[in-house]
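Heads up, the thing below is written out as structure tokens.
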Amino acid sequence: MNMVDITAAQAAYRDELVESGLLIPTGVDGLYGRSGVFEDVVERFDALVTRWGGQDGAEVMRFPPALNRRYFEESEYLKSFPHLAGTIHSFGGDEKAHRTLLRRLEEGQDWTEDQVATDVVMTPAACYPVYPTIARRGLLPGEGKLIDVFSYCFRHEPSIDPARMQLFRMREYIRIGTPDQVVEFRELWLERGREMMGALDVPLDVDVANDPFFGRAGTMLSNSQREQKLKFELLIPITSTEKPTACLSFNYHQDHFGHLWDIHTADGGVAHTACVGFGMERVALALFRHHGFDTAQWPGAVRKVLWG
Amino acid sequence: MPQDASPPYANQSFQGSLSAGAAGLQASAAGGAAGGTDDGMVAGIRSVLAECGGLAVDAGTLAIDDDLYSAGLTSHGCVGLMLGLEEEFDVEFPEKLLNRRTFESIAAIRDAVRGLVDGGAA
């Protein structure tokens, strides 16, 4: 399947989803409303994640889909992903500037000149608020920390691929602790992820992956990430079997966030971190793709896993 | 692709600076690019390493075959190192060289840079 075919398949699946009412178009690629049926699947999958991970003693944190701009700046996200970031701006002018804004708006000109950056930035990944929060608490306890987050996330990458939304939800478990604790966590979830998704009767594969780092420096980082096998993805074909979609990811950040935020383990070492991320919309889209748009007609075993 | 399910992490300590301009200039003054000799090149590499590599040890104490990753070179340190070397030696690393092996030791860097310098002159 070449790129033209892949794009056509993505457009076709998006059109089917819109026609069926599962996704509600807004006129912007990658920005959709969701129907009740779609949300039901997301909620059932969210509950399934909790069934697998909820007994591990994670501390639940729920943040709005925005981040303190200072945390965002300190995260160095702009070094690696300037092209994906979404910053929130608001009008910062006086009455005269307001009149200019309205005139430009009416004339169809650019009206954004007096928009200024606020203290708020869109959350690029659900775990970003967690690290500075944990850092503020001081030394980690001996057993480290396990955090459960769930948030809408924003990435500026408009696409007709319904599996590449600009605003989408990510559930995550984040492990913060010694290298051994963190690596054990990631291994555990690599196994759990396969088993959990296998029970949903979708074709899947787990493979080494890299993040979409920006520019030539990004090529270097991507290659390095793959060579060290720091990121794995659980892939399910949605619109292409040759290019299946990452629905879960298993990430070992080594001591990157520990250094960045000055997080230390009980013995004083720099904390290592890892996380498992669940792409809620992508999982739902994969399920609709493989089991059809009518959830009542899904295989009994899959319905039992999700609805009990 | 890693969008929905993938928190986009940079994967290692970000000790190296992406902006290596000053280091490059200093290293040039030490004779790295201008000399073109092996010793000059190694001295230039050490200078960029010290400035941009974010190593845990003094770059001057490393043997040319020492493993730089064991000496504390991180992925992000590697990016700073790459940019610093490009400025120092006026070369551009092609994509096929943008991997960990290229930067694993001073000798590996020397060989890569020499290949680029010679290639550029041919």
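Descriptive notes on the structure:
- Filtered GluC sites (Glu not before Pro), the range A:226-258: DSSP coil and at most 12 other beta carbons within 10 Å: A:GLU242
- Whole-Hz ³J(HN,Hα) from phi, Karplus 6.51 cos²θ - 1.76 cosθ + 1.60, for the range A:168-185, glycine and proline x: 8, 9, 10, 9, 9, 10, 10, 10, 10, x, 6, x, 5, 4, 6, 5, 4, 4
- Footprinting exposure proxy for A:VAL49, A:VAL116 (fewest neighbouring C-beta atoms within 10 Å first): A:VAL116, A:VAL49
- The mean number of Cβ atoms from other chains found within 10 Å of a Cβ in peptide A:79-85 is 3, as a whole number.
- Modelled spin labels at A:ASP40 and A:THR112, positioned 7 Å past Cα toward Cβ, are 4.0 nm from each other.
- By the beta-carbon count within 10 Å of each Cβ, the least crowded to most crowded order of A:ILE236, A:ILE176, fewest first, is A:ILE236, A:ILE176.
- Candidates A:VAL121, A:TYR71, A:TYR152 compared by Cα position along the dipole of the range A:15-152: farthest toward the positive end lies A:TYR71, with charges placed on Cβ.
- When shorter helices are ignored and each DSSP H run of at least 4 residues is given -39500 (n - 2.57), the per-residue value for the protein assembly as shown at 222 nm works out to -13000 deg cm²/dmol.
- Order of A:MET61, A:MET220, A:MET122 - criterion: other Cβ atoms within 10 Å of each residue's Cβ, fewest first: A:MET61, A:MET122, A:MET220
- Per-peptide average of other Cβ atoms within 10 Å, ordering A:123-131, A:139-147, A:272-280 highest first: A:272-280, A:123-131, A:139-147
- Relative contact order of chain A, pairs being alpha-carbon contacts under 8 Å that are 6 or more residues apart, as %: 21
- Counts of other chain beta carbons within 10 angstrom of each beta carbon in peptide B:73-83 average 5.
Taken together, the values in this text are just the output of simple stated rules run on the coordinates, not laboratory data. This structure is a prediction, so every number in the text was calculated from the model and none was measured. Virtual Cβ from ideal backbone geometry, glycine too; neighbours counted across all protein chains shown.
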